[in-house]
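The numbers here are math on the coordinates, done by the rules we state, and not lab data. Quick caveat: nothing in here was measured; it's all calculated off a predicted structure. For neighbour counting, all protein chains shown are included, and Cβ atoms are generated from backbone atoms with ideal geometry for every residue, glycine included.
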Amino acid sequence: MIEVRVDAEIRERAYDYIAPRAHILREAEETDRFILFVETETDEILGCLLFSDYDGHNIFVHLAIDDPRVCQRRNIKLMFDYAFNQCKCSRMTAMCVNGYERNERLLAGVGFVKEGVVRKTMKVNGKWIDAALYGILKEECRWV
């Protein structure tokens with residue numbers, strides 16, 4: 001069974017999990033918010049969402065998922081509920097390795113729209129690579 005954790009005690013553990021998987025190069029910031037998905041019986045991390053750089057209109061979401069069970073409807077709704085209802089954002093932005101089909105299919109499948117490619121912006125294995133830029137507007141979101 002999957003347990004959702006959002007309490008302050010998970011911050012460091014969540015960041016240590018998501019930073020290398022989502023290619024985040026900066027340190028965790030006090031304003032970052034996390035949703036951590038763990039296997040109840042083993043306490044193994046199955047996935048994590050990091051919300052950052054909220055400016056009142058837009059919020060960035062970073063995601064890392066190691067188990068497809070995390071992609072349940074209720075967990076997808078959690079992501080959009082947090083951004084659009086709790087933070088009152090009008091837009092969410094996500095980036096992933098350009099051409100990495102699994103991530104691009106996931107983002108498009110939940111409603112994000114590919115808006116372009118940002119050249120040489122993600123550092124992966126010591127190399128700067130292109131990232132696909134995705135966005136979703138609140139009025140486009142079928143989850144809220």
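Counting DSSP beta bridges with both partners in the stretch 2-140, what percentage is antiparallel, nearest 5?
90 percent
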The ³J(HN,Hα) series, computed from each phi in the stretch 3-15 with the Karplus coefficients 6.51, -1.76 and 1.60 at θ = phi - 60°, rounded to the nearest Hz and given as x for glycine or proline, is 10, 9, 10, 9, 5, 4, 5, 8, 3, 5, 4, 5, 5
Report, in whole Å, the centroid distance computed from the Cα atoms of the stretch 5-66 and the stretch 107-124.
-> 18 Å
Take every Cα-Cα pair in the chain and report what % of them are more than 25 Å apart.
-> 23 percent
Which value, in debye to the nearest 20, gives the size of the charge dipole of the chain about its Cα centre, when Lys and Arg are +1 and Asp and Glu are -1 at the Cβ?
-> 660 debye
Build a GNM of the chain with springs between Cα atoms under 10 Å: which of K120, K77, K88 gets the top mean-square fluctuation?
-> K120
Go ahead and estimate [θ] at 222 nm for the chain from helices alone: -39,500 (n - 2.57) per DSSP H run with n ≥ 4, summed, over the residue count, rounded to 500.
-> -5500 deg cm²/dmol
Taking a ≥ b ≥ c as the square roots of the eigenvalues of the Cα gyration tensor of the stretch 47-103, is the shape rounded (a/c under 1.5), prolate (a/b larger than b/c) or oblate?
-> oblate
Can you tell which of M79, C48, G109 lies farthest toward the positive end of the dipole of the stretch 2-140, using +1 and -1 charges on the Cβ of basic and acidic side chains (Lys, Arg; Asp, Glu)?
-> G109
What base-10 log of the normalised intensity I(q)/I(0) is obtained for the stretch 77-144 from the Debye formula, alpha carbons as equal point scatterers, at q = 0.20, 0.23 Å⁻¹?
-> -0.79, -0.94
Run down the lysines and flag those whose C-alpha is under 26 Å from the C-alpha of K138, throwing out any fewer than 8 positions away in its chain.
-> K77, K88, K114
